[in-house]
Amino acid sequence: APDSRAEPPAELLARLAVDPADPEALIGLADRHEAAGRHRHARRYLRAFVRLVYRHPRRPEAITRLAALRPAIPWFVESDEREEGGFLVYRNAIDGLPAVRVPAGPYRRRLEVDEASIVFDVEMPDYLIDLHETPRSVLQAFLWDGGFEAPAYWSRDGLAWMEARAAEVPHWFPLQGGPLDPSLPMWGLNYYGARAMARWAGKRIPTEAEWEKAARGGIHLDGADEYRPNPRPERRYPWGDEPVIGPDGSYRANLDCVVPARGDDSDARSIPVDSLPEGASPYGCLHMAGNVTEWNRDRWIEDDERFRLPRKAPYASETSRKEDTARAVRGGYFKEGENDGAIDARKARTFACAEMCWLFKAGLRSAADAPALEAEPDVWPLEDEPDPLDAERLYETAVAAE
């Protein structure tokens with residue numbers, strides 16, 4: 001067979017117009033663009049190849065190349081509302097999710113130790129955190145990008161877990177059963193998988209301090225010393241101290257099964273990740289109380305030990321000497337009560353047990369180091385070639401191939 005890399009691009013594009021899943025055309029265009037240094041173009045065709053072509057000798061190579069060609073700065077500014085009292089909102093170029101830039105400065109932390117409440121301030125740098133939980137559509141994109149097959153996304157212990165449970169890790173993850181609703185939160189993925197998903201998008205799981213500040217707000221919301229003070233820096237819930245159900249009957253959080261079940265499924269009580277704006281945190285983060293629980297990066301330690309940690313960034317227990325078997329989860333989920341949705345509520349969860357992660361509805365909200373304000377993203381929409389993933393047959397073709 002002739003080498004597809006020698007064919008003119010127009011001929012390769014014509015082949016894709018006939019068959020969007022033509023493996024030789026997809027990999028041929030990726031080869032040509034990567035050889036010419038056009039990495040954004042190469043990534044586009046490698047991504048299409050991985051999503052559409054399942055049984056091909058070059059699939060492992062394509063997945064490895066796709067991971068290596070991730071953009072160095074996968075963020076671009078979507079809106080700047082600082083002059084109107086808002087914040088910088090970014091969009092991630094890989095998973096497509098919005099994230100807010102939390103300004104540097106202290107936030108107020110409260111610990112319950114020996115039946116006493118201890119309050120102190122924790123200094124933090126600026127960082128990014130997702131405005132809402134990771135939806136099921138992003139889990140599907142991670143799987144379509146070969147997420148369970150790319151070692152670059154997984155830690156060493158995560159790869160060991162994958163190898164030990166290879167028969168139980170399908171290419172098509174059961175998306176919480178039932179028909180796919182891309183707007184609902186992803187849950188049930190263990191810590192290894194959640195960490196791999198975050199790395200795939202150029203992000204990470206937040207520390208407890210990052211999660212808490214995003215939920216409570218800094219002492220000054222804009223990070224300045226005497227400009228926009230937080231009216232309630234010790235608030236109980238992300239929206240304040242008011243009850244979950246407002247005086248007009250509106251919900252601020254999906255807790256205690258307040259949202260009716262869908263159809264006959266009594267366990268299907270999660271709601272879309274972009275809903276309930278009345279329950280937003282000072283930075284606009286949604287569902288930091290209820291819906292699904294959210295992984296934190298810190299190893300689990302009790303509050304009395306956390307009190308002795310440094311009160312500045314990263315204020316994380318990554319250096320804890322305790323046995324590394326559990327992580328903290330925050331926010332509560334739809335079957336838990338109001339106390340579980342409080343900002344200070346935290347629980348230890350074993351992170352490798354898939355069954356347990358399913359039971360406590362383990363979800364994900366990712367964070368990232370803040371890019372320099374003057375940084376230019378290296379990912380922008382491409383207009384000079386058609387998008388090989390923009391095809392009506394994408395889903396049908398993938399299902400048929402599987």
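The values are calculated or read from the model by the stated rules, or taken from the named source; none is laboratory data. Just so you know, these numbers come straight off a predicted model, no measurement behind them. Every residue, glycine as well, gets a Cβ built from its backbone with ideal geometry; the counts of neighbours run over all protein chains shown. Each accessible area value is taken on the protein alone, full model and side chains, heavy atoms only, with ligands, DNA and RNA left out. Shrake-Rupley method; radii C 1.70, N 1.55, O 1.52, S 1.80 Å.
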* When the stretch 207-237 is examined, which residues are found to be more than 19 Å from GLU112 (Cβ to Cβ) and either surrounded by 20 or more Cβ atoms within 10 Å (Cβ to Cβ) or acidic (Asp, Glu) (or both)? -> THR207, GLU210, ALA214, GLY217, GLY218, LEU221, ASP222, ASP225, GLU226
* Spot the failing condition for ALA372; the list is (1) modelled with pLDDT of 90 or more; (2) touching a Lys or Arg at 6+ places or on another chain (Cβ under 7 Å), and only one is missed. => (2)
* Hey, could you check the stretch 335-363 for residues that are more than 19 Å from the chain's Cα centre (by Cα) and in a loop (DSSP other than H, G, I, E, B) and say which is modelled with the lowest pLDDT? => CYS353
* **ALA48 surrounded by 14 or more Cβ atoms within 10 Å (Cβ to Cβ), small (Gly, Ala, Ser) and closer than 20 Å to PRO20 by Cα** => yes
* To do: Look at VAL329 and say whether it is among the β-branched types (Val, Ile, Thr), modelled with pLDDT of 90 or more, crowded, with 19+ Cβ neighbours inside 10 Å and part of a strand (DSSP E or B).
  => yes
* Asked: Identify, please: which residue in the stretch 122-138 is in a helix (DSSP H, G or I) and open to solvent by less than 40 Å² (accessible area, probe 1.4 Å) and is, among those, nearest to ARG59 (Cα to Cα)?
  -> VAL138
* Applying the selection to the stretch 144-160, what residues are at pLDDT 90 or above and open to solvent by 20 Å² or more (accessible area, probe 1.4 Å)? -> PRO151, ALA152
* Using the structure shown, decide if ALA141 is part of a helix (DSSP H, G or I) and at pLDDT below 90. => yes
* Find the residue count for the stretch 90-121, including only residues that are touching a His at 6+ places or on another chain (Cβ under 8 Å) and either free of Cβ contacts under 8 Å to residues at least 40 places away in the same chain or open to solvent by 50 Å² or more (accessible area, probe 1.4 Å) (or both). => 1
* Structure fact -> Apart from one, (1) out of contact with any helix residue (DSSP H, G or I) (no Cβ under 9 Å at 6 or more places or on another chain); (2) at pLDDT 85 or above; (3) within 25 Å of ILE118 (Cβ to Cβ); (4) in a loop (DSSP other than H, G, I, E, B) all hold for ILE301; the odd one out is (2)
